[in-house]
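The values are calculated or read from the model by the stated rules, or taken from the named source; none is laboratory data. These figures come from a predicted structure and were not determined experimentally. Neighbour counts are summed over all protein chains in view; Cβ atoms, including those assigned to glycine, are modelled from backbone coordinates with ideal geometry.
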């Protein structure tokens, strides 16, 4: 039998991956350096800012040992600018620009290892984990935001605008169709996956009987592309 | 004067809402009501009023200038009539609105009229040229009231949805200054209850009726709520008015009573219960003791001697300050510098307030024959100064105040009347301390934490010390009866000071955080009459500068160690770090009329002066905002232009030089130009990566000071201003056009920005290197410092090496510059010149490589020679 879970990642799994993102905190307590699996952590000296993984930041925040500095794109100003872009322009807002590749090293940068959510991230682009990171920060540290309610509202607006776009893209998802998914975030991919695969599967099922009938005909007549083409033409009429 | 009679109502209009306005000179009183005429009453005359016919019906608002008045009617027209003639010159239509007019307001100079209607937009129309219209569009609902402040620079708009909008009218295009949401009540457009903004005559505050039937005062300095008049009206307030000098407030409501309040104490002085109908509009006569009001029955009352004789001294007071908890401009002047005149005029004995002359004509004839009662057509010509608009021309005794006199000139009559040269001095301030914002105030902000105080109803204060590292230190909160107004904070303790109050002298209070015995906090009094101008706390000393120009230095246990008089005076501020004390005072007057600031740095322990009376380099029209020592122990200043400067070579006498380390105007976050914010400096220290950063609090909008609770600290990397922010902004923006194609674009434009980056690295690390090597040569260096120094050495060479690579890439003809870069290298680890040679080789610059080799050999030789000599 099939797995009980749907294909792809479940939302908690995506959120778990997102917890590797670096965020900026202002520690409120001295902490010695830690040797973590993900790399060494510098000692924390209040009120010096530090960039640490999100999971640790959430832990420290819960114990009230740190304040989280929301990334610049989580400010009402930049969110409303991005929302305006999303509502006016047909494509998704572009993801943050990749930094120039460090020459000589084989280290390849991809979202969890990019500083996309620290205090010095770009303000005008949503990083890959924007939705899950934003909602986790809003849940754990609403008092560290200037205007948490406004941010929450804008995030919800953004999510709806972008999901609507994704669903609209499904309309062209017939055989050979495609949707450009540049700038779509991790959670959105996860959310849309079941729907899109469902649609594609459904389309295939609808087309299946016709496909089989054609194959049948092909076998009877002996396969010939030109004839096939003619048959199609006949069908159309 | 006759016994006060109950006021006699005069039938001004048919029963219905009636409104009135006094002309600014107080001679005429205009009423408007449901009738199709307006009436012009003359003050002090019982004759029949002048009727101005052919007006619109159902007038809902009226405003008056000296020779014309303006009405707003329910049919949506705003008309202007001449005061003198009975037909009002026919009446010019100034504005026609589609919806009923609710209010009109005339600017004090009579040039502009603001029109509130049921439309969302408030129109401000020029009274002479109706083509000139300003539009205020920020309202979400229709507007009930508009009112200009006393100088006409700001317009307050009361909206039916309970919001106030304050616009600045200075500029061509009016700008929304502030939106206040929680002051006035939501009302219907036709409601009788008022939401009008009443500007206090001193121009720095206004009052509005609130939903709780109170009069709430708000300051325009900090947009904080100040004192409240807790009226006992049993219904909504329908009208209110400040007396012309701001000392009295009168309110009335639907419950048919008029209350008179003392503005200073907010106490009820008198209550009139004999009101027949709801009063809708109320106005004080600009100079006399007359309150006129109109009600919703069409009656006009001119209540002469409204203020009873026993209270009339209130009316003779000069212009009073608005009732604040704390004046927001106190502590740090809102104006950057103050006149010497203001500071000295109460001190000089010959400049005390002039008493009224004995047996003067006014005295003999009594109050009713005072000058201002006469209706003089043109007061300006006869040289008499009459305080008819309450602006403080006279001191309440019929004499001029001293404000018009020059500061230090002799009384000789033959002085030429050229403008008097008035030197301006810098006000004293406490680094990190803010003025009062509402009832809160920050006394000091450091990297360790901050000290704040909250005023509790003016009787006592709650002082609070909060740490960013709240595990290591415990936050402190205590009740303060002395009113501490300055504080300083270090790892060891907190220092407070308070000003002398009456017979209690000024006091200093030191409170250590923790000790191994019982906590030994101590207090010391200063000599009577001496007040504290600034305090500073270091790891080993307490520094106090006082109004008597003394610098007093105590040990951390309260032992006085030094007392000396500061050479540069008056004192401005001070700062301290370990054994070093920096004091700043006003020095000689420079070309632009402001006094130059002079600083002195000395080492208390060794008793030697590092810098004596050197100049704090500030450009003209700039003031000092803060002075502090960085966590590495280098002096930094932050000026009102937003530039952070450090003092280089400050331990060597005569060598000190101010170096800009960061210009906050050039920050990349300001590049778009849309952001209006300022930065409240806190400190400079190294961040987690060892880079030097400027810690500050971001203050949004036009406000300059953070409030309690302060915003989170922000960090900005130091950046010596080399290129302007606009350049950087463009470089950041252009590649954003399409993120997919930036790879190609980058290669095209990178070298330039890369070069700027490396140049920035080079000069910044050189400055920091100089700073650190000075520190190391004067103190016992720690291993960390030594490590930092060699890191900086490497950093300098690395940036030079990268610049060299760019030069080599650029072409053969840049060889000279490339060689210059190589000669600048410090080569501390001996490998850099080899690396430079390799770079030249990689780009096939053989000539250059030979030259570099030559240079390396020469250096090696000279090093060996030096070693031989040793």
Could you go through the range B:713-735 and let me know if any residue there is assigned to a helix (DSSP H, G or I), at pLDDT 70 or above and closer than 25 Å to residue A:48 by Cβ.
no
Would you point out the residue of the range B:678-705, among those that are within 12 Å of chain A (Cβ to nearest Cβ) and within 17 Å of residue A:75 (Cβ to Cβ), that is modelled with the lowest pLDDT?
B:700
Among the listed residues B:693, B:684, B:659, B:627, identify the single one that is touching a helix residue (DSSP H, G or I) at 6+ places or on another chain (Cβ under 8 Å) and not assigned by TED's automatic domain parsing to the domain that holds residue B:764.
B:659
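Of the residues that sit in the range B:234-245 and are in a loop (DSSP other than H, G, I, E, B) and in contact with a strand residue (DSSP E or B) (Cβ under 9 Å, 6 or more places away or on another chain), which one is surrounded by the fewest Cβ atoms within 10 Å (Cβ to Cβ)?
Filtering the range B:234-245 down to residues in a loop (DSSP other than H, G, I, E, B) leaves B:234-236, B:243-245.
Then drop every residue that is not in contact with a strand residue (DSSP E or B) (Cβ under 9 Å, 6 or more places away or on another chain), which leaves B:234-236, B:243-244.
Values: B:234: 11, B:235: 14, B:236: 20, B:243: 24, B:244: 21.
Here the answer is B:234.
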Let me confirm something: among B:416, B:435, which residue is more than 14 Å from every other protein chain (Cβ to nearest Cβ) and at pLDDT below 55?
B:416
How many residues of the range A:79-96 are touching a helix residue (DSSP H, G or I) at 6+ places or on another chain (Cβ under 7 Å), within 11 Å of another protein chain (Cβ to nearest Cβ) and either exposed (fewer than 15 other Cβ atoms within 10 Å of the Cβ) or over 20 Å from residue A:21 (Cα atoms) (or both)? The answer is 1
Output yes when any residue across the range B:215-233 is in contact (Cβ under 8 Å) with a residue 40 or more places away in the chain, part of a loop (DSSP other than H, G, I, E, B) and farther than 26 Å from residue B:706 by Cβ, and no when none is.
no
Which one is surrounded by the most Cβ atoms within 10 Å (Cβ to Cβ) among residues in the range B:654-678 that are under 28 Å from residue B:490 (Cα atoms) and touching a residue at least 40 places away in the same chain (Cβ under 8 Å)?
B:662
Does the range B:775-785 contain any residue that is part of a helix (DSSP H, G or I), under 45 Å from the mean Cα position of the chain (by Cα) and more than 18 Å from residue B:633 (Cβ to Cβ)?
no
Quick one: is residue B:799 at pLDDT 85 or above, in a helix (DSSP H, G or I) and out of contact with any helix residue (DSSP H, G or I) (no Cβ under 6 Å at 6 or more places or on another chain)?
no
Condition check for residue A:25: closer than 22 Å to residue A:140 by Cα, within 14 Å of another protein chain (Cβ to nearest Cβ), at pLDDT 85 or above and under 25 Å from the mean Cα position of the chain (by Cα)
yes
Identify, from the list A:102, A:112, the residue that is part of a helix (DSSP H, G or I), more than 11 Å from chain B (Cβ to nearest Cβ) and modelled with pLDDT under 85.
A:112
Output the residues belonging to the range B:42-59 that are under 20 Å from residue B:73 (Cβ atoms) and either outside any strand (DSSP E or B) or in contact (Cβ under 8 Å) with a residue 40 or more places away in the chain (or both).
B:49, B:53, B:54, B:55, B:56, B:57, B:58, B:59
Does at least one position in the range B:319-330 carry a residue that is buried (at least 16 other Cβ atoms within 10 Å of the Cβ), at pLDDT below 85, farther than 30 Å from residue B:532 by Cβ and in contact with a strand residue (DSSP E or B) (Cβ under 6 Å, 6 or more places away or on another chain)?
no
From the list B:554, B:484, B:473, which one is at pLDDT below 90 and buried (at least 17 other Cβ atoms within 10 Å of the Cβ)?
B:473
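Could you please give the count of residues in the range A:49-71 that are facing chain B (nearest Cβ under 9 Å) and surrounded by fewer than 22 Cβ atoms within 10 Å (Cβ to Cβ)?
Applying the first criterion (facing chain B (nearest Cβ under 9 Å)) to the range A:49-71 yields A:49-51, A:64-65, A:67, A:69.
Cutting the leftovers down to surrounded by fewer than 22 Cβ atoms within 10 Å (Cβ to Cβ) gives us A:51, A:64-65.
Number satisfying all stated conditions: 3.
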Got a number for residues in the range B:107-123 being surrounded by fewer than 23 Cβ atoms within 10 Å (Cβ to Cβ) and in a strand (DSSP E or B)?
2
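Which of the strands (runs of 3 or more DSSP E) contained wholly in the range B:473-546 include at least 2 residues that are closer than 24 Å to residue B:460 by Cβ and under 31 Å from the mean Cα position of the chain (by Cα)?
Numbers: elements: B:476-480, B:484-489, B:493-498, B:507-512, B:522-525, B:532-537, B:541-546.
Because the criterion is at least 2 residues that are closer than 24 Å to residue B:460 by Cβ and under 31 Å from the mean Cα position of the chain (by Cα), the strands (runs of 3 or more DSSP E) in the range B:473-546 that meet it are B:476-480, B:484-489, B:493-498, B:507-512, B:532-537.
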State whether one or more residues within the range B:428-446 are in contact (Cβ under 8 Å) with a residue 40 or more places away in the chain, over 27 Å from residue B:219 (Cα atoms), in the same structural domain as residue B:587 (by TED's automatic domain parsing) and in contact with a strand residue (DSSP E or B) (Cβ under 8 Å, 6 or more places away or on another chain).
yes
Those residues of the range B:265-299 which are in contact with a helix residue (DSSP H, G or I) (Cβ under 9 Å, 6 or more places away or on another chain) and outside any strand (DSSP E or B) amount to B:287, B:288, B:289
